[in-house]
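Everything on this sheet refers to the single structure shown next.
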Amino acid sequence: MTRLRQMMLEELERRNYDESTIRHYIRWVEQYARFFGKSPEKLGPDHLRTYQAYLLKTRKLSPGTVENHVAALRFLYVRTLKRYEFREYIPYPRVPKKLPGILSKEEVARLINSSGTLFNRTLLMLLYGTGMRRSEAARLKWADIDSQRMIVRVVNGKGGKDRDLPLSPALLETMRAHWRCFKPATYLFPSRYSGALEKPITDKAVWHIATQAARQAGIRKRVTPHTLRHSWATHLLEDGTDLRTIQLLLGHEDLETTARYLHLSAKHLQQVANPIETLPLASLSQSLGSRRRRQS
């Protein structure tokens, strides 16, 4: 391990970044160094401009993905190397604010029914039935499930925060069948053992299970684990759950982030009183008749 990698790793760990973020930040900085064939300590503002343009124009990464790369490079130069002036040389790209895609309840049912295995079915039901992020679902332990209180606890979620989520009877029944079949010791979804140590599945494995089930279900929309999270939140809103409660369940920092689900809720959009309905418009037949008279 190089000295610079060790320094950055220590800075990330002492700020209590989660394992997934640490892994990605280190990898993205390694890709940056490999692109120029030099240590980042020997690279300057011109290299950063060139690399950011390369990510956007040559690799054609989405602005949101480039934003993540930029965050890693800013952490390296500003937090690790203390080169505070570099902040202005690594701007975040403008990221279009797009509404997330969601599935209807019927599509969610088709997705789960097309999961193929009990393992995959349980995972997809957990994602939709709790709104967990894929990393949270992958690391979920049996000790985090309280069947007496019907609660699932997310431990050390995004931002290092814990939160409780409701456990539905249908999900609990599937979880119990899953346990009887696989008998995992620690994690709900183990992938392998390293000696006596059980390892959870990876975030990527969760992504593959969701996308494969979507293909099997014949769903043509883009489906990811986060799609199930968005769908769950939207369906909660349509079924009468208030925004503040949804904010707490999703673990959002502010209500503004949660409020975007108002734009996704067909029920709420249909309840909007559209002023066009109050206009004193001529009837369609009158308008068409007037046009025919002019043409003749």
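The values are calculated or read from the model by the stated rules, or taken from the named source; none is laboratory data. Nothing here was measured: the structure is a model prediction, and the numbers come from that model. Every residue, glycine among them, receives a Cβ derived from its backbone with ideal geometry; neighbour counts consider all protein chains shown.
Tally the residues that are in a helix (DSSP H, G or I) and either under 20 Å from residue 40 (Cβ atoms) or touching a strand residue (DSSP E or B) at 6+ places or on another chain (Cβ under 9 Å) (or both), restricting the search to the range 52-73. So the count comes out to 15.
Just the residues that are charged (D, E, K, R) and loosely packed, with under 14 Cβ neighbours inside 10 Å, please, taken from the range 116-164. Quick ask: steps written out before the conclusion?
Taking the range 116-164 first, the residues charged (D, E, K, R) are 121, 133-134, 136, 139, 141, 144, 146, 149, 153, 158, 161-164.
Those that are charged (D, E, K, R) and loosely packed, with under 14 Cβ neighbours inside 10 Å: 146, 149, 161, 162.
Cβ-Cβ contacts under 8 Å between residues 6 or more apart (or on different chains), taken from a first residue in the range 173-189 that is within 19 Å of residue 154 (Cβ to Cβ) to a second residue that is polar (S, T, N, Q) and buried (at least 16 other Cβ atoms within 10 Å of the Cβ), are listed as 174/122; 175/122; 178/122; 188/122; 189/122. Selection within the range 165-201: residues that are within 26 Å of the chain's Cα centre (by Cα), in a strand (DSSP E or B) and surrounded by 10 or more Cβ atoms within 10 Å (Cβ to Cβ). The member of this set that is modelled with the lowest pLDDT is 198.
Would you mind stating whether residue 207 is in the same structural domain as residue 264 (by TED's automatic domain parsing), farther than 28 Å from residue 12 by Cα and of a type in the set (Phe, Trp, Tyr)? Break it down stepwise before answering.
Working: in the same structural domain as residue 264 (by TED's automatic domain parsing): yes; farther than 28 Å from residue 12 by Cα: no; of a type in the set (Phe, Trp, Tyr): yes.
In short, no.
Within the range 132-157, the set of residues being part of a strand (DSSP E or B) and either free of Cβ contacts under 8 Å to residues at least 12 places away in the same chain or under 22 Å from residue 236 (Cβ atoms) (or both) comprises 145, 146, 151, 152, 153, 154. When the range 116-131 is filtered for residues that are assigned to a loop (DSSP other than H, G, I, E, B) and out of contact with any Leu (no Cβ under 6 Å at 6 or more places or on another chain), the ones remaining, listed by number, are 116, 117. Does residue 73 qualify as being more than 30 Å from residue 8 (Cα to Cα), hydrophobic (A, V, I, L, M, F, W, C), surrounded by 13 or more Cβ atoms within 10 Å (Cβ to Cβ) and at pLDDT 95 or above? Spelling it out, it is not the case that residue 73 is more than 30 Å from residue 8 (Cα to Cα), hydrophobic (A, V, I, L, M, F, W, C), surrounded by 13 or more Cβ atoms within 10 Å (Cβ to Cβ) and at pLDDT 95 or above.
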